[in-house]
């Protein structure tokens, strides 16, 4: 495992490649060569070379598809579309295996019916993190919250409303910068944040109720600890991404348990 | 297209009568969650009491035992409904309403598409899983088995 982690990491050491990877990952969907090249301000052939290196390293996946809907002779070759690979790359030196530990602990929680203790522990940890975050930077704004979620790997995007699908592709990226736009904020124009990435994905697949219940309490604790009482966290699973959605409460009641 | 469907049965021991105040939130979720199942991709069938839209009255396995018994197109469709819809929230809160069971409480098995499984069959599969662990005749999400190939009969278990 460590070997593949090092390989993946070394592929990202090339700066342009890393910007391409970040652009595709932040985009959240499929990206064409032309889009990626424009985003990082590189020639298309150069971008294509690096995109394919990222595919070889298992960091991106590629699909060939005709995008224009044209068919038959003369309709051109299928375009290569890139998206972030679902494969996980871990690098722990010295070698560590927290994934197995997490799965075994989740299994034990399930067998013992110890969800209540897990939820309490997660909520307390969330409150500590929220309090530490609030102590760092004063009052918590929606931008702070989105920034915290982004830094902790949740990849928040604006959902149009309850049950909304993934947010529209972020076309707000400045051409040539390859940098993601600022994270979405739950404001009047953005009533809810969907979390595009689940930091506990493997556990959420092997032990969904345990992992998602833990994650929910962690985020509820975070909101409470940060004094972000005008936001609430709820379970709202979608086909992809995190099972929790964060929304602004219209009447800013305290986040109920 | 597989010519087999996936049957699943799971049982839960109620912490209080279903009309008790402590069960009100669970009772209120029955209709919406059942409707969600009915409209989920890959849903084929679910057991209901005669003349009812849910399975909370007859209690074929015991007075305090609720039975959830359904058929799905495949493992993926059952998984997606179970864990990637609002049904997950009911699961997350299950300890509020149901006792923890020492025994395996969920079994699944393949049936020929078009056949409706019986309660006795469900009970047998659950007992088989408890007695012998996961096998093609009775398995779980954690230890799944593929559907039988087209030219072999579905795994049979007495009952």
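The values are calculated or read from the model by the stated rules, or taken from the named source; none is laboratory data. A quick note: this is a predicted structure, and the numbers were derived from the prediction, not measured. Note that we place each Cβ from the backbone using ideal geometry, even for glycine, and neighbour counts take in every protein chain shown.
In segment A:216-233, the qualifying residues are those that are over 15 Å from residue A:196 (Cα atoms) and assigned to a strand (DSSP E or B), and the one that is nearest to the other protein chains (Cβ to nearest Cβ) is A:232. Total residues in segment A:238-252 satisfying the condition of being at pLDDT below 90, part of a strand (DSSP E or B) and over 11 Å from residue A:228 (Cα atoms): the figure is 0. Among the residues of segment B:92-117, which ones are in contact with a helix residue (DSSP H, G or I) (Cβ under 9 Å, 6 or more places away or on another chain) and away from chain A (no Cβ under 14 Å)? Hits for segment B:92-117 are B:107, B:108, B:109, B:111, B:117. The criterion of being within 14 Å of residue B:8 (Cβ to Cβ), assigned to a loop (DSSP other than H, G, I, E, B) and within 14 Å of another protein chain (Cβ to nearest Cβ) holds for residue B:141.
The single condition among (1) under 25 Å from residue A:26 (Cα atoms); (2) loosely packed, with under 14 Cβ neighbours inside 10 Å; (3) modelled with pLDDT of 95 or more that residue A:87 does not satisfy is (3).
Under the condition of being crowded, with 19+ Cβ neighbours inside 10 Å and either at pLDDT below 90 or under 22 Å from residue B:116 (Cα atoms) (or both), which residue from segment B:80-91 is farthest from the other protein chains (Cβ to nearest Cβ)? Selected residue: B:81.
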